[in-house]
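Step one of this worksheet: look at the structure below.
The values are calculated or read from the model by the stated rules, or taken from the named source; none is laboratory data. This structure is a prediction, so every number in the text was calculated from the model and none was measured. All Cβ positions, even for glycine, are placed from backbone atoms using ideal geometry, and neighbour counts span all protein chains on display. Protein only, heavy atoms only, side chains kept; ligands, DNA and RNA dropped before computing areas. Shrake-Rupley method; radii C 1.70, N 1.55, O 1.52, S 1.80 Å.
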Amino acid sequence: MALGRAFSVAVRGVDGEIVEIEADITSGLPGVHLVGLPDAALQESRDRVRAAVANCGNSWPMARLTLALSPATLPKMGSVYDIALAAAVLSAQRKNPWDRLEKTILMGELSLDGRVRPVRGVLPAVLAAKRDGWPAVIVPADNLAEASLVDGIDVWGVRTLRQLQNWLNGNGALDNRVDTKTTDTEPSTDLAEVVARRLIAAELEDDPQLAYAQAHVARELAARVGVVREVTGLAAYRAGKWTEALSELRAARRLTGRESFLPVMADAERALGRLDRALDLVHSAEVGKLTRAGQIELLIVESGIRRDQGRPDTAVVVLQVPELTDGKVRPWSAALFYAYADALLAAGREDPALEWFERAAAADPDGETDAADRVHELGGMVLEDLAEFGDEE
């Protein structure tokens, strides 16, 4: 009996799971038995691997060969396991496992003559290997640029099964990591898909820390894409990572030319206690490029800054804009009314504060603020319609 072992990755969506591949050669009628929930493409790998092994100058075991992919309950799909299957068989035949094989993840489809063809899912596979602490990963040479986007793990490219054997024996070299800084900044189709899924996951995730983790993965893969830096910055802000938020949003401004992040950046500076820097953003010339909604959001931040400075009356005055009393309800009216009520309360003006909390609750039917709770705390009543407040004096 002879046993060989290699490792690969099963990819599902944006996540990957390490797969252990064992090759067991025992006496019996010659034949190849593949177990571990393989799909049709993986079943066909028996013929590809056998031909590639033979055509690279190796013999194929004339005995019963069992190839087991674990975890056994995880479905395995595609041709990504070909090169790992071949390495496991060769390792079993030599009866002396390669040290390098025990520390390396292998991915790649084999042609009948032993060439290694590119596969999909390389990025999430490399990320999974890095996450699980693997020191190295070998991918098809045509996938090397994508794999090289992931730092913190050794990445090599392979062109043929014979080249891999020579490297395992210590007699040859593999293709080195590609310097991604000198490559085209346009993401590949595979990269774009992975990045997009991470960004969507960040937007849908309720837990701010998990949302930031998803966005940060996208940022590692596509740091030169403006929308990626924007989503990462906003996720960092929601997670309370103020310094990271500022760094990412500055990059987003530089890459996109947009100023819509100014309110969030000013609030992050405020959270760090850097009130002068926050006010510099509030009063910067770029404010004129914001939509009115963005300008109102920035005024709300400024009101908070003035309160932090111990100037509660100024915090109230900052928010006395025409939209406060023109009788129109806009998508951002609830936030404005709420901030104004909060500023009034901080200034010791409880009665008008209660009225404006009531207005905020009435303008906020979806409950995006806690205005209704603040009304109850102050002993007021939540009304259903702003018209019930009557005309402004």
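Note that segment 77-217, at 4 °C in a medium of 1.567 mPa s, gets a Stokes-Einstein diffusion coefficient of 80 µm²/s from its Kirkwood radius over C-alpha pairs. A crude spin-label estimate for the pair A54 and H33, with each label 7 Å from Cα along the Cβ direction, gives 2.2 nm.
Using the heavy atoms of the protein chains alone and a 1.4 angstrom probe, what is the accessible area of the chain per residue in square angstrom? Write down the numbers at each step before the final one.
Working: 18700 Å² over 393 residues.
Here the per-residue accessible area is 48 Å².
Note on K328: lysines with a C-alpha under 26 Å away, same-chain residues under 8 apart excluded, are K289.
Quick one: net charge around R274, please, counting Lys, Arg +1 and Asp, Glu -1 for every other residue with C-beta under 13 Å from its C-beta.
Numbers: positive: R270, R277; negative: D267, E269, D276, D280, D308.
Its environment carries a net charge of -3.
Amide H to amide H distances under 5 Å link G78 with D39, A41, L42, where only residues 5 or more positions off or on other chains count and H is placed in the peptide plane. For segment 232-302, the convex hull drawn through the C-alpha positions has a volume of 77 cubic angstrom per residue.
Excluding same-chain neighbours fewer than eight residues apart, the lysines reachable from K103 by a Cα-Cα span under 19 Å are K95, K130. Relative to the longest principal axis of the Cα atoms of the chain, the long axis of helix 350-362 makes an angle of roughly 50 degrees.
Under a point-charge model restricted to the Cβ atoms of Lys and Arg (+1) and Asp and Glu (-1), what is the dipole moment magnitude of segment 130-267 relative to its Cα centre, in debye to the nearest 20?
On the way: 17 positive and 21 negative charges, 59 e Å.
Rounded to the nearest 20 debye, it is 280 debye.
Computed extension gain for H283 through D15, at 0.36 nm per residue and net of the alpha carbon distance, reaches 92.1 nm. Under 19 Å of direct C-alpha separation, and excluding same-chain neighbours fewer than eight residues apart, K241 reaches these aspartates and glutamates: E203, E205, D206, D207, E220, E230, D267, E269. How many percent of the alpha carbon pairs in segment 156-311 exceed a separation of 29 Å? Within segment 156-311, distances greater than 29 Å cover 36 percent of Cα pairs. Protein heavy-atom surface of the chain, 1.4 angstrom probe: 48% of the accessible area is carbon and sulfur, with nucleic acids and ligands not counted.
For N171 and L204, a Förster radius of 45 Å and the Cβ-Cβ distance give a FRET efficiency of 0.35, rounded to the nearest 0.05. Which is the longest part of the chain that has none of the trypsin sites (Lys or Arg not before Pro) sitting in a DSSP loop with at most 11 other Cβ atoms within 10 Å? For trypsin sites (Lys or Arg not before Pro) (loop position, at most 11 other Cβ atoms within 10 Å), the longest site-free span of the chain is 96-327. Taking the structure as given and computing Kirkwood radius over Cα pairs in Å, which label from (i) 22.2; (ii) 25.0; (iii) 21.6 fits? Identified label for the calculated read-out: (ii).
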